Amino acid sequence: MGKLAGKAKELAGSLTGNETLAREGRLQDARSDADLEARQRSAGAAREDAAAEVAAEKAEVEAEHARLSAQVETREKEERIERDETREKRAAGQREREIALRAAEERGTASTLEKEAAAAERRADTLDPKETS
């Protein structure tokens, strides 16, 4: 609106020979151009500020994502280690039970063999009592 009024004053001043009015019109036109340029620069600066804020927020989100990803990865590693340790403990316990069972079986087998040997000796003594001393 100021630009149009400035042009009108400039034209009216030129047509009527009123140099003061013409100069006032040119000044109003120039002021209007300067105001428009200032508003455009201000809008551009606001856009740049907004873009900088978005970039900063994006960087913060990316950093938070990286931190959370590292936490998740650490937690998953710890859980894998725990599962592996539990599995190893179970396997070791199973091996110990198997060893104990084999030892018990071997003791039982040895005891049975000793009993059979003693019975065989008794039978042999019964058959030939002279050889027992």
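The values are calculated or read from the model by the stated rules, or taken from the named source; none is laboratory data. What you see is a predicted model; the values in this text were computed from it and never measured. Don't worry about glycine lacking a Cβ; one is built from the backbone with ideal geometry, like all the others, and counts go over all protein chains shown. Heads up: the accessible areas ignore ligands, DNA and RNA and are worked out on the full protein's heavy atoms, side chains in. Shrake-Rupley method; radii C 1.70, N 1.55, O 1.52, S 1.80 Å.
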If you check Lys9, Lys58, which single one turns out to be open to solvent by less than 90 Å² (accessible area, probe 1.4 Å) and among the basic types (Lys, Arg)?
Lys9
Identify, by number, the condition in (1) over 30 Å from Lys7 (Cα atoms); (2) open to solvent by less than 100 Å² (accessible area, probe 1.4 Å) that Ala45 doesn't meet.
(1)
Could you tell me whether any residue of the range 71-84 is more than 22 Å from the chain's Cα centre (by Cα), free of Cβ contacts under 8 Å to residues at least 12 places away in the same chain and assigned to a helix (DSSP H, G or I)?
yes
Condition test on Asp35, is it in contact (Cβ under 8 Å) with a residue 24 or more places away in the chain and charged (D, E, K, R)?
yes
Matching residues in the range 110-133 - criterion: being open to solvent by 80 Å² or more (accessible area, probe 1.4 Å) and assigned to a helix (DSSP H, G or I)
Leu113, Glu114, Lys115, Glu116, Glu121, Arg122, Arg123, Thr126, Leu127, Pro129, Lys130, Glu131
